[in-house]
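*Asks:* Handing you a structure now.
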Amino acid sequence: MRSFVYQGLPSRVVFGAGALAQLPQAIAAMGAQRALVLCTPEQRASAERVAQLLGERAAGIFDRAVMHVPIETAREAREVARQLGADCAVAIGGGSTTGLGKAIALDSGLPILAIPTTYAGSEMTPIYGITEAGLKKTGKDLKVLPQSVLYDPELTLTLPVGLSVTSGLNAIAHAAEGLYSAEGNPVIDLMAEEGIAAIGRALPGIRANPADLEARGDALYGAWLCGIVLGSVGMALHHKLCHTLGGSFNLPHAETHTVVLPHALAYNAAAAPRAMARIARALGRGADEAPQAVYDLARDNGAPVALRDIGMKAEDLDRACSIAMQNQYPNPRPLEAGPLRALLQAAWEGARPA
Ligand SMILES: NC(=O)c1ccc[n+]([C@@H]2O[C@H](COP(=O)([O-])OP(=O)(O)OC[C@H]3O[C@@H](n4cnc5c(N)ncnc54)[C@H](O)[C@@H]3O)[C@@H](O)[C@H]2O)c1
Ligand SMILES: O=C(O)CCC(=O)CC(=O)O
């Protein structure tokens, strides 16, 4: 007999090629009058397009979003929002820009409309992260969950192939860990498997032709589902390791997820056979091939597979292991220092899981 808790999250989603054109209606549905548009410096042109669509409802553009939301940037953006009298934030970009919107919302309660342009999934979660004095703190608060989300695959056509692949694997990581989450449930399992399958089919198509709108649509659809999984159930060892490697060793977010996931799955494989079978099935492989399927998806699409190739130093592996052993997330297999250190070594070397 199944027994579970399912908690839905409130957000309005518009999905489809050209969905950006729905922005004025989406803002009006939120009852907002003056939107501060957020972006990274690289996506300023997209933010200007958003401001143009908003017309009189655009209060201004803040274009200094950066990865991991430094507290100084969050304070600056909150002050700009206050000075401009903004009553909502429109975040166009990846997890870094959505994250900046969340840092503003956490402090001010300003509602967020998110327009995601990567597959990170932050727009579907009440999770925020802010970095202060070199330490990234994360937390959960429903105030930071975007009220409204426009998913427009056309906006992802410019996402470089390399980042498309690693960002897709970042999304798969959310779904994979959702499948063995201590808070898992059958509805989330359905979304997780469908999300992995959509991204697994999309990535080779995007690599072959980055302008393939069908493949881009599949990837963004998968990212949406995987983001719901991340926002709905707790994550485990893999996310803990990535937070450690990103937060304490400054490794790049999506690439770190890509490299670590096959090894985290291999670590958990014997303790979570049903989850592994679903991950493998979603990727068209045999029930016991989940770690290899994820590794091959990354390698065959040109993504990095070794921590040593993305900036991790061999001499830091012991410290990473001891940080990851602290404040553990619930995980199907208990964390043991020896096997965890071996996992990090294998990920550092980029070995295909046996
Ligand atoms: N809170 C959450 O639920 C959650 C979930 C996932 C990720 N995150 C956070 O998000 C951050 C990573 O986000 P990310 O991986 O999306 O990367 P990102 O937002 O940092 O974007 C990476 C780069 O790609 C550019 N870019 C984004 N979309 C583009 C597009 N369509 N075309 C061209 N360039 C584009 C950005 O401007 C940026 O320069 C990390 O800080 C991570 O911790 C948070
Ligand atoms: O850094 C954050 O904002 C939290 C990130 C998170 O939990 C998802 C991830 O690691 O991809």
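The values are calculated or read from the model by the stated rules, or taken from the named source; none is laboratory data. The model shown is predicted, which means the values in this text are computed figures rather than measured ones. With ideal geometry, Cβ positions are generated from the backbone for all residues, glycine too; neighbour counts draw on all protein chains shown. SASA here: full protein model, heavy atoms, side chains in, ligands and nucleic acids out. Shrake-Rupley method; radii C 1.70, N 1.55, O 1.52, S 1.80 Å.
*Asks:* Starting from the Cα of residue 84, step 7 Å along the direction of its Cβ; do the same at residue 209; then give the gap between the two resulting points in nm.
*Replies:* Placing both labels 7 Å along Cα→Cβ, they lie 3.8 nm apart.
*Asks:* For an R0 of 25 angstrom, estimate the FRET efficiency from the Cβ-Cβ distance between residue 194 and residue 351 and round to the nearest 0.05.
*Replies:* The calculated FRET efficiency here is 0.25.
*Asks:* Next question, about the same structure. May I ask you to give the solvent-accessible area per residue for the chain, in square angstrom, as obtained with a 1.4 angstrom probe?
*Replies:* 40
*Asks:* When Lys and Arg each count +1 and Asp and Glu each count -1, what net charge do the other residues less than 10 Å away from residue 16, Cβ to Cβ, add up to?
*Replies:* Overall, the nearby charge balance is -2.
*Asks:* Mind grabbing the base-10 log of I(q)/I(0) for the stretch 281-347 at q = 0.14, 0.26 Å⁻¹? Debye formula, identical points on the C-alpha positions, no solvent, two decimal places.
*Replies:* Each listed q corresponds, in turn, to -0.58, -1.10.
*Asks:* Quick one: order 190, 237 from most to least accessible surface, probe 1.4 Å.
*Replies:* Most to least solvent-accessible, the answer reads 190, 237.
*Asks:* May I ask you to work out the translational diffusion coefficient for the stretch 12-156 at 25 °C, viscosity 0.890 mPa s, via Stokes-Einstein with Rh from the Kirkwood sum over Cα pairs, reported in whole µm²/s?
*Replies:* Approximately 169 µm²/s, per Stokes-Einstein.
*Asks:* Can you compute the radius of gyration and Dmax for the stretch 169-305, using only the Cα atoms, both in Å?
*Replies:* My reading of the Cα-based Rg and Dmax gives 13.7, 40 Å.
*Asks:* Accessible area of residue 189, 1.4 Å probe, to the nearest 10 Å²?
*Replies:* 30
*Asks:* Please give the solvent-accessible surface of residue 68 in Å², to the nearest 10, using a probe radius of 1.4 Å with every protein chain present.
*Replies:* Rounded to the nearest 10, the figure is 40 Å².
*Asks:* May I ask you to rank 221, 119 by accessible area, largest first, using a 1.4 Å probe over the protein chains only?
*Replies:* 221, 119
*Asks:* Next up: Share of antiparallel DSSP beta bridges in the chain, in percent to the nearest 5?
*Replies:* Taking every DSSP beta bridge within the chain, about 25 percent pair in antiparallel fashion.
*Asks:* Moving to a separate point now. Take the solvent-accessible surface of the protein heavy atoms, probe 1.4 Å, and return the percent of it on the chain that carbon and sulfur atoms account for.
*Replies:* After summing per-atom areas, the C and S share lands at 52 percent.
*Asks:* Cα centroids of the stretch 301-354 and the stretch 44-99: how far apart, whole angstrom?
*Replies:* Taking the Cα centre of each part, the stretch 301-354 and the stretch 44-99 sit 35 Å apart.
*Asks:* According to a simple spin-label model (label point 7 Å from Cα along Cα-to-Cβ), what is the distance in nm between residue 337 and residue 22?
*Replies:* 5.2
*Asks:* Another question, if that's okay. Taking the Cα centre of the chain as the origin, how large is its charge dipole in debye, to the nearest 20, when only Lys and Arg (+1) and Asp and Glu (-1) carry charge on their Cβ atoms?
*Replies:* 420
*Asks:* Just how much of residue 323 is accessible, in Å², when a 1.4 Å probe is used and the result is rounded to the nearest 10?
*Replies:* Its accessible surface works out to 40 Å², give or take rounding.
*Asks:* What relative contact order, as a whole-number percentage, does the stretch 162-349 give when Cα pairs under 8 Å and 6 or more residues apart are counted?
*Replies:* Computed value for the stretch 162-349: 26 percent relative contact order.
*Asks:* Rg/Rh for the stretch 25-103 to two decimals, with Rh computed the Kirkwood way over all alpha-carbon pairs.
*Replies:* 0.94
*Asks:* Using only Cα atoms, tell me the angle between helix 273-282 and the longest principal axis of the chain; keep it within 0 to 90° and round to the nearest 10.
*Replies:* Rounded to the nearest ten degrees, it is 60.
*Asks:* Between the stretch 6-22 and the stretch 274-293, what is the separation of their alpha carbon centroids in Å?
*Replies:* Their Cα centres are 29 Å away from one another.
*Asks:* Right, next: Quick one: if you stick a label point 7 Å off each Cα along the C-beta vector at residue 64 and residue 187, how many nm between them?
*Replies:* 4.1
*Asks:* Let me ask something else about it. List, largest first, the extents of the alpha carbons of the chain along their principal axes, each in whole Å.
*Replies:* 58, 44, 42
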